[in-house]
Amino acid sequence: MADVRYVKATRIYPGTHSPAVDALDLHIQDGEFMVLVGPSGSGKTTALRMLAGLEEVDAGNVLIGGRDVTDLPPKDRDVSMVFQNYALYPYLTVAANIAFPLRMRGVKKSIRDQRVREVAKLLGLEDYLERKPGQLSGGQRQRVAMGRAIIRLPSVFLMDEPLSNLDAKLRVQMRADIAALQADFGVTTVYVTHDQAEAMTLGHRVAVLHEGKLQQCGPPRGLYERPANIFVAGFIGSPAMNLCTLPASNGNVSFGGVDVPVPTGSSNGSYVLGVRPESLEVATEGISAHVEVVEDVGADAFVFCSAEVGGQAMRLVARAEARRAPQQGDRVSLRPRAEEAHFFDPASGERLDRR
Amino acid sequence: MSLNTSVDAGAAALAAPVIDRTRAKRKAARRRRGLVLLFMSPWIVGFSVFFGYPIVYSAYLSFTHYDLLSAPRWIGTANYRYLFHDDPLVWPAVRNSLWIIAIGVPCQVVAAFGIAAMVARARAGVGLFRTIFYLPALAPPVVATLAFVYLLNPATGPVNLALSHLGINGPLWFQSPQWSKPSLVLLSMWQVGNTMIIFLAAILDVPKPLYESAQLDGDGAFQRLRWVTLPTISPVILFSVVIGVIYGLQYFTQAYVAANVASGQASQAGDQTVNNYGYPEGSTLFYPVLLYQQGFRYFNMGYASALSILLLGVAFVVTLLIILNSRRWVHYAGAERG
């Protein structure tokens with residue numbers, strides 16, 4: 001058990017100028033489940049690999065349990081990792097794959113076998129121990145990879161998009177399994193994903209990365225309710241938050257006939273107003289919009305509309321009750337709930353708080 | 001009753017088209033077989049003329065006395081009895097062949113793998129190194145052998161010259177019964193280019209995450225080799241061992257040329273009156289050399305055929321044994337063997 005600390009950790013790939021991970025400062029508590037999330041190329045996997053020792057750290061430090069591991073080889077960091085494609089040894093049986101980390105550390109065979117049995121029982125793999133990975137389904141392989149990671153109870157678990165090769169249903173199930181497993185063992189876990197649903201459901205805290213920089217780190221709810229900048233606002237939440245740039249007058253911006261008071265202490269000018277789909281109602285009055293697509297997701301329906309806001313054409317997404325949702329081609333009025341709106345500085349993209 | 005009749009009538013009406021359909025299906029299958037045979041015919045003809053017929057005919061000749069001048073005369077198993085019981089050269093030749101296989105093949109495989117592993121790690125100039133190590137494979141065996149006999153000439157060759165500068169008294173190489181076979185092994189290791197290229201492709205093909213995963217658990221070079229590289233490329237190792245063994249069983253050109261040249265008879269290689277096969281002291285008399293000697297020097301075609309049929313059988317059995325044994329240590333990616 002240990003905490004993890006990135007101190008201005010930077011990685012610049014040879015032959016490139018912009019850092020893949022740029023002065024990352026992040027403190028992961030002992031026993032915490034930290035999710036690194038971001039779009040492709042955001043540096044989340046690089047950050048994880050820096051922690052594993054599979055990627056050099058060009059500047060700054062990485063600490064595990066207070067110990068500076070920046071220059072230690074991977075095997076001396078006491079971390080274990082689940083790879084995206086599992087990286088199982090195809091020529092070894094499931095039992096041998098799971099036992100591999102112990103074997104490399106010279107653990108006696110009798111102890112190894114016993115530990116393998118325990119882990120296999122925990123993961124429901126008892127019946128597959130003599131099989132080769134090629135004879136397993138995707139979900140079973142994933143569990144073998146998990147087994148190999150937990151067998152020696154490392155200080156830190158690292159997971160690099162471990163569920164991305166599974167089908168949707170299995171992914172949801174494995175997500176719950178991983179969360180339960182992590183809670184059982186209480187091992188500090190760093191989990192990389194581009195899937196915000198995974199990030200929101202798994203993480204105690206979520207760190208959002210973009211272009212190598214940490215955008216925001218906090219509990220999932222905090223990220224959703226108080227995104228720190230335009231990027232986080234647009235990235236967290238599905239469908240994404242509606243963002244439009246509007247001029248302010250008399251301390252308000254006008255959106256669909258609703259006056260939304262701008263943050264105090266800010267000058268008159270323009271603001272980026274953010275409204276989540278669930279904060280945008282299909283109402284009798286408001287912004288006139290043309291329904292382009294209706295996505296029925298069961299209880300709710302997302303209504304994708306084209307509209308004109310502040311003189312510019314844009315697309316807005318509203319959430320409606322599925323049974324009462326408008327039809328494609330309808331004309332509707334959209335009305336924001338003013339108290340749930342977010343404001344951002346159009347120049348810096350930073351959040352502006354209303355008090 | 002009326003119901004039954006109508007059912008029967010219906011069945012009869014159905015039966016006719018069913019028969020038609022089976023007939024049409026059979027016809028289509030026949031046509032498909034014909035087409036397959038047609039497309040395969042170039043290979044079938046080639047195989048029959050150049051492999052099938054000669055093998056069958058050799059098998060027949062092996063039971064005859066045949067000197068190329070008079071018609072083959074049936075002598076039953078006399079050739080085989082002579083082969084197994086009387087010919088004093090067969091067992092030395094078998095021993096020499098076994099030696100070149102047992103020592104030569106591992107040396108070649110290790111050399112090919114070692115060079116490939118080094119080239120794979122090169123950070124720059126991979127293409128250059130690859131070319132340098134591959135080039136010798138392009139040299140025709142006769143030329144390469146001539147060059148080696150020259151290089152390893154005990155008195156005037158540059159190798160012994162260099163050794164003497166280091167204060168080492170170089171061996172007699174191709175002139176000595178102890179060193180002639182090791183010299184040939186050196187020659188074969190110099191020509192591992194083809195195998196090296198296959199190894200290189202296999203090594204570069206090992207999935208990187210396997211190495212990374214191993215790195216988290218311990219990252220000694222030996223561990224990487226033992227647990228990741230070797231198991232992953234095991235099919236290529238099997239391939240090169242099988243090819244190497246078959247090649248070793250047929251080992252002829254280099255031995256023949258080296259013996260001829262080394263015995264100082266290069267200029268009279270065509271002179272059939274001098275026996276330099278296996279020079280020095282029969283140390284390079286490999287089984288195929290003996291076969292050649294019997295067939296094309298003594299014109300004992302019947303006996304030579306018996307020798308070649310035995311070689312064919314041994315090659316077949318040995319290859320089969322290697323492949324059967326390989327199931328324990330060769331892993332095929334994607335294949336789901338037990």
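So is residue A:99 at negative phi, buried (at least 21 other Cβ atoms within 10 Å of the Cβ) and touching a helix residue (DSSP H, G or I) at 6+ places or on another chain (Cβ under 7 Å) or not?
Against the criterion (at negative phi, buried (at least 21 other Cβ atoms within 10 Å of the Cβ) and touching a helix residue (DSSP H, G or I) at 6+ places or on another chain (Cβ under 7 Å)), residue A:99 qualifies.
Given the conditions (1) assigned to a helix (DSSP H, G or I); (2) within 14 Å of chain B (Cβ to nearest Cβ); (3) touching a Leu at 6+ places or on another chain (Cβ under 9 Å), which single one is not true for residue A:158?
Going through the list (1) assigned to a helix (DSSP H, G or I); (2) within 14 Å of chain B (Cβ to nearest Cβ); (3) touching a Leu at 6+ places or on another chain (Cβ under 9 Å), residue A:158 breaks only (1).
Looking only at the stretch A:311-324, decide whether some residue is loosely packed, with under 15 Cβ neighbours inside 10 Å, in contact (Cβ under 8 Å) with a residue 12 or more places away in the chain, over 31 Å from the mean Cα position of the chain (by Cα) and part of a loop (DSSP other than H, G, I, E, B).
Within the stretch A:311-324, none of the residues are loosely packed, with under 15 Cβ neighbours inside 10 Å, in contact (Cβ under 8 Å) with a residue 12 or more places away in the chain, over 31 Å from the mean Cα position of the chain (by Cα) and part of a loop (DSSP other than H, G, I, E, B).
Inspect all residues belonging to the stretch A:140-151 and state whether any of them is free of Cβ contacts under 8 Å to residues at least 12 places away in the same chain and among the charged types (D, E, K, R).
No; the residues of the stretch A:140-151 include none that is free of Cβ contacts under 8 Å to residues at least 12 places away in the same chain and among the charged types (D, E, K, R).
For the list (1) within 16 Å of residue A:316 (Cβ to Cβ); (2) touching a His at 6+ places or on another chain (Cβ under 9 Å), I need the number of the one condition that residue A:220 fails.
(1)
If I filter the stretch A:185-192 for residues that are in contact with a Phe, Trp or Tyr (Cβ under 8 Å, 6 or more places away or on another chain), at positive phi and part of a loop (DSSP other than H, G, I, E, B), do I get at least one hit?
no
Residue B:223 fails exactly one of the following numbered conditions: (1) within 11 Å of chain A (Cβ to nearest Cβ); (2) crowded, with 18+ Cβ neighbours inside 10 Å. What is the number of that condition?
Status for residue B:223: all satisfied but (2).
Report, ordered by the first and then the second residue, all pairs with beta carbons closer than 6 Å, sequence separation of six or more or different chains, a first member in the stretch A:90-107 that is within 18 Å of residue A:131 (Cα to Cα) and more than 10 Å from chain B (Cβ to nearest Cβ), and a second member that is surrounded by fewer than 20 Cβ atoms within 10 Å (Cβ to Cβ) and among the basic types (Lys, Arg).
Final answer for the pair search is A:94/A:131.
Starting from residues that are part of a helix (DSSP H, G or I) and charged (D, E, K, R), keep the ones in the stretch A:61-89 and report whichever is nearest to the other protein chains (Cβ to nearest Cβ).
So, considering only residues that are part of a helix (DSSP H, G or I) and charged (D, E, K, R), the one nearest to the other protein chains (Cβ to nearest Cβ) is A:75.
Can you tell me which residue among A:117, A:112, A:148, A:171 is part of a helix (DSSP H, G or I) and either among the hydroxyl-bearing types (Ser, Thr, Tyr) or at the interface with another protein chain (Cβ under 10 Å from one of its Cβ atoms) (or both)?
A:148
So, residue A:101, is that one within 31 Å of the chain's Cα centre (by Cα) and part of a loop (DSSP other than H, G, I, E, B) or not?
So residue A:101 does not fit the description; no.
Of the numbered conditions (1) in a loop (DSSP other than H, G, I, E, B); (2) in contact with a strand residue (DSSP E or B) (Cβ under 8 Å, 6 or more places away or on another chain), residue A:347 satisfies every one except a single condition; which is it?
That leaves (2) as the condition not met.
How many residues are facing chain A (nearest Cβ under 7 Å) and surrounded by fewer than 19 Cβ atoms within 10 Å (Cβ to Cβ) if we restrict to the stretch B:208-220?
So the answer is 2.
Tally time: how many residues in the stretch B:149-191 are under 22 Å from the mean Cα position of the chain (by Cα) and not in a loop (DSSP other than H, G, I, E, B)?
Residues flagged as under 22 Å from the mean Cα position of the chain (by Cα) and not in a loop (DSSP other than H, G, I, E, B) within the stretch B:149-191 amount to 11.
How about the stretch B:62-81: which of its residues are aromatic (Phe, Trp, Tyr), buried (at least 16 other Cβ atoms within 10 Å of the Cβ) and outside any loop (DSSP other than H, G, I, E, B)?
If the condition is that a residue be aromatic (Phe, Trp, Tyr), buried (at least 16 other Cβ atoms within 10 Å of the Cβ) and outside any loop (DSSP other than H, G, I, E, B), then B:80 is the only one that fits.
Only one of these conditions is not met by residue A:134: (1) assigned to a loop (DSSP other than H, G, I, E, B); (2) within 13 Å of chain B (Cβ to nearest Cβ). Which number is it?
Answer for residue A:134: the failing condition is (1).
All of the numbers you see were taken from the coordinates with simple rules; none came from a lab. It should be emphasised that the depicted structure is a prediction, and the values quoted were computed from it without experimental measurement. For neighbour counting, all protein chains shown are included, and Cβ atoms are generated from backbone atoms with ideal geometry for every residue, glycine included.
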